[in-house]
Structures are given as C-alpha cells and as structure tokens.
1. If a residue has to be closer than 11 Å to residue 74 by Cβ, among the small types (Gly, Ala, Ser) and either within 12 Å of the ligand (Cβ to nearest atom) or without any contact (Cβ under 8 Å) to a residue 12 or more places away in the chain (or both) to count, how many in region 42-60 make the cut?
2. Please work out which one of (1) crowded, with 17+ Cβ neighbours inside 10 Å; (2) away from the ligand (no atom under 16 Å from the Cβ); (3) closer than 27 Å to residue 138 by Cβ is the condition residue 5 fails and give its number.
3. I need the full set of residues from region 89-118 which are surrounded by 13 or more Cβ atoms within 10 Å (Cβ to Cβ), out of contact with any His (no Cβ under 9 Å at 6 or more places or on another chain), of a type outside the set (A, V, I, L, M, F, W, C) and under 24 Å from residue 16 (Cα atoms), in order please.
4. Somewhere in region 13-30, is a residue part of a loop (DSSP other than H, G, I, E, B), surrounded by 14 or more Cβ atoms within 10 Å (Cβ to Cβ) and at pLDDT 90 or above?
5. Going through region 78-106 one residue at a time, which ones are among the β-branched types (Val, Ile, Thr) and touching a residue at least 40 places away in the same chain (Cβ under 8 Å)?
6. Need at least 3 residues that are farther than 30 Å from residue 60 by Cβ and at pLDDT 95 or above per element, so show me which helices (runs of 4 or more DSSP H) inside region 91-197 make the cut, counting only ones lying wholly within it.
7. Among the residues of region 65-77, are any within 20 Å of residue 125 (Cα to Cα), touching a residue at least 24 places away in the same chain (Cβ under 8 Å), surrounded by 15 or more Cβ atoms within 10 Å (Cβ to Cβ) and more than 19 Å from the chain's Cα centre (by Cα)?
8. Do you know which of the residues in region 140-166 that are among the small types (Gly, Ala, Ser) and over 21 Å from residue 94 (Cα atoms) is farthest from the ligand (Cβ to nearest atom)?
Amino acid sequence: MKILFATSNQNKIREAHALLSELGHSVEELRINGNLPDFIEPQSSDLKEVANSKLKQAISLIKDTELEDYAIMVEDSGLFIDEFPGFPGVFSSFVYDSIGLNGILTLLEKSTNRSAEYRTVTILQWKNKIWESSGVCKGTISVEKLGKEGFGYDPIFIPLQGNGSTFSQMNIKQKTLISHRTFSLKGLLDSLKLPSK
Ligand code: IMP
C-alpha cells in the first residue's frame, strides 16, 4: 500500500519509511502544490484529539484532488516526563523550541525520578475508513546530551529496551526496532487487517 504521511517533520517520514518499506508498504510525504502541510494544532492536552484534528485538516487539503484515493496518515507524538505529569506532552514541539534540551536537563537536575516515555497516536484514513493506533516507548532522561542521530528529544532519551544508549546514539535501524512510532505503526498495520470502525 502507498501511504501519504501528512507531516512537516522529515524525521518522522524517514522513520516510518524505514519500518513500513520492510513490511512491503511505501511511505511518502504528503505535498500539496509542492509544499509540506503545516497544521494548526488545536488547544488540547490529548494526542488523539490533536491527531484527529490533523487528519481532518489533511483530508480537507486533498479533497477534490488526485490525491483523494490515497491512504493518508497522520500522527501526533510527544515526550512525557513522569516527574512533571503531562509535560511536555502535546507541547513537546513548543517546549523543545523554547527551553530546549538544556532546559529539560536543568528542570530534572535535582530530581531522583528521571523516568519518561514517548507516546504516539497514528491515524490512517483510506477510502473513507479510519484506523487508529498508539505506541509507547518507556525510558529515562539522561544527565547530558549524547549522540547525533534522530531528532527532538532523542539526545536525552534512553529507551529501556536498548543498551543504555540514548536514541541519538543509535542508528535509524536500531531506533526503529523499539520506538513508540514503530509500535504504533505496527499496531496500525495489524488493525488494517480487521474491519475498520
Ligand atoms: P508533533 O507530533 O509534530 O506535535 O511533535 C512532536 C514533538 O515531540 C516533536 O517535535 C519532538 O520534539 C518530539 N518527538 C516526538 N517523537 C519523537 C522522537 O521519536 N524523537 C524525538 N523527539 C520526538
């Protein structure tokens, strides 16, 4: 199946492609008149609500175009730090741009609880049917930034299922084995075999 991923984040596209191409699907970026979509994020603390809003916006962008017959996929994701419930959560992108990784490390300086998790909600619409899935990757926040790969919070996120390295110290294949995005996408593909809601 050819899936058009509606996101302006090229890293998300690369990671989804790395997984789904191995499973026989292709993932390409959704471009409207050559441009990547830039969604208006609703005021919500719920990843699912944000993902649903992105889907609605994506579907309205492709309405009455030649892209209407393709499967359209959206996701919303974020980092959730146990010490600060819900934070940065749906505001991960904003917090990354404002206080950055150094700001997060400073906030956690005196904390004994460095547990955190990435969460993702993925929704796919194809021929007026909708499938939805979510994925979680548990881990801890490192005491310093380590590694050069990945994006966003990867230099400070150590996944529990890994070998103690941050996601940024892993290559895309290693991250793709255990990431929240992978679990969500695999769940989505499993549910594609079931009747949709
Ligand atoms: P959104 O889903 O586009 O609203 O943005 C999610 C934000 O969460 C990204 O901009 C990143 O800062 C962060 N994030 C989500 N997934 C990842 C990941 O796999 N690695 C690093 N940061 C991530």
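The values are calculated or read from the model by the stated rules, or taken from the named source; none is laboratory data. For clarity, every value in this text was computed on a predicted model and none was experimentally measured. Cβ atoms come from the backbone with ideal geometry, glycine included; neighbour counts cover every protein chain shown.
1. Count: 2.
2. Against the list (1) crowded, with 17+ Cβ neighbours inside 10 Å; (2) away from the ligand (no atom under 16 Å from the Cβ); (3) closer than 27 Å to residue 138 by Cβ, residue 5 comes up short only on (2).
3. 89, 92, 93, 96
4. Yes: one or more hits.
5. Looking only at region 78-106, we keep the residues that are among the β-branched types (Val, Ile, Thr), and these are 81, 90, 95, 99, 104, 106.
Once the filter is applied, which keeps residues that are among the β-branched types (Val, Ile, Thr) and touching a residue at least 40 places away in the same chain (Cβ under 8 Å), region 78-106 yields 81, 90, 104.
6. 100-107, 172-178
7. yes
8. The residue in question is 164.
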